[in-house]
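Novice: Sharing a structure with you now.
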Amino acid sequence: MSVMYPGTAEGELLLLAAPLSFWGGVSWETGAITNVRHPQLGQIVSGRVLVVPEPVGSSSSAAVLLELIRAGKAPAAIILGRPDAILVVACLVAREMGWEAPPVIVQPDLPALSEGRVMVANGAVIPV
């Protein structure tokens with residue numbers, strides 16, 4: 001496990017069943033998954049610990065995550081199956097703007113996660 005953006009957060013897990021790009025895949029206004037081909041279409045990422053086994057990047061994903069942060073609709077934390085620096089850019093910009101950004105960690109062993117409420121702290125995922 002590695003920390004890409006530090007922080008502490010708590011929330012219900014939302015383990016994605018398919019890759020997701022924030023650009024064109026998540027509404028910054030509602031926090032809902034909007035990609036019509038995604039199996040979790042309509043699920044809300046806001047306030048949840050979002051587990052993204054396979055991030056699909058567009059550099060514009062940072063802009064969408066930044067808008068989610070600004071609007072108070074961002075995930076509580078993001079757990080990635082592999083590193084994605086694009087999402088971290090949004091967190092860094094949010095910090096410069098004085099906004100609280102979600103912690104971002106990489107945990108390749110995603111099958112170990114299940115449903116429920118967790119805390120993300122110091123790079124660890126702790127059931128609560």
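Coordinate-derived values only; no laboratory data. Keep in mind that this is a model prediction, so the values were computed, not measured. Cβ sites come from the backbone with ideal geometry, for glycine too, and all protein chains shown count toward neighbours.
Novice: If neighbour count is taken as other Cβ atoms inside 10 Å, put Thr8, Thr34 in order from fewest to most.
Specialist: In order of increasing Cβ crowding within 10 Å: Thr8, Thr34.
Novice: Taking a ≥ b ≥ c as the square roots of the Cα gyration tensor eigenvalues, with a/c under 1.5 meaning rounded and otherwise prolate when a/b beats b/c, else oblate, which class fits the range 7-51?
Specialist: The shape class here is prolate.
Novice: Another question, then. With the Cα gyration tensor of the chain in hand, give its eigenvalues times 5 under a square root as the equivalent ellipsoid semi-axes, listed largest first in whole angstrom.
Specialist: Working: eigenvalues 69, 60, 36 Å².
The three semi-axes for the chain are 19, 17, 13 Å.
Novice: Expressed as a whole number of Å, what is the distance separating the alpha-carbon centroids of the range 1-46 and the range 50-128?
Specialist: Result: 8 Å between the Cα centres.
Novice: Any idea what the relative contact order of the chain is, in percent, if you count C-alpha pairs under 8 Å spaced at least 6 apart?
Specialist: Answer for the chain is 35 percent.
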